[in-house]
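Notes follow the structure.
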Amino acid sequence: MWVIGVMDSNFIARLEQILAWYRKPYDARFPVVCYDERPCFLIGEKVRGLEMKSGQPEREHYEYEKKGSCNLLMTIEPLTGKRIGDVFERRRKKEFAKHFKRVAAAYPEAEQIIVILDNLNTHNESSFYETFPAEEAFALSQKFQFVHTPKKASWLNMIEIEFSAIARQCLNRRIPRQEELSQEVMSIIKEREEKKIKIDWQFSIDKARKKLNRYYKKVNEENAKYQKT
């Protein structure tokens, strides 16, 4: 289900910019990728005995035990199925910068990588400068063009589809240790990349102008011409 915040002219401008990038044909010089982070909770099993009653066998009750959390940082290129993932204890500017250093290395021939991502305060070039020397930080900042989604529009980021698939295969189980979770997640990411599983995105600018026409009309009455007939 979509969650739409204040859909004003700024929202629509960003919406159409992202949808335009999604419609561009594949170009190895300017690959379009999607990035986001997902918290992963580490949960173990805890067994305790239940109160025994006369004439009943001994019973055990399984509870879960919280063992902290970690974070999956991931980038996917929808048109090729290329995937890059990292599991870190935290998701600060440092982890963001380290992940994108790996992304840059994965695209040595690209002139610039277009990244669709949200507006978290770590999601910008300042993370490079706070993590690496200025020369390296500048080179990384030139390698990427960050395209931010509007607020409350995570549904616009195709990485959410990938996170849902990974969650169904792995993250819906109780995994107690970060090392174990990382192995499981990376195995799934590798398998899906080897299978070249892509994302077939169908939502276009034309569809947005029709489906969300009441918001478009609030911005400009002339947009009524795009509504469904």
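Listed values, structure above:
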| read-out | value |
| --- | --- |
| Distance between region 131-204 and region 94-129 - C-alpha centres, whole angstrom | 12 |
| Environment charge at Gln142 (Cβ cut-off 13 Å; Lys +1, Arg +1, Asp -1, Glu -1) | -3 |
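Only the coordinates and a few stated rules stand behind these numbers; no lab work does. Everything numeric in this text was worked out from a predicted model, so none of it was measured. Note that each Cβ is placed from the backbone with ideal geometry, even for glycine, and that neighbours are counted across all protein chains shown.
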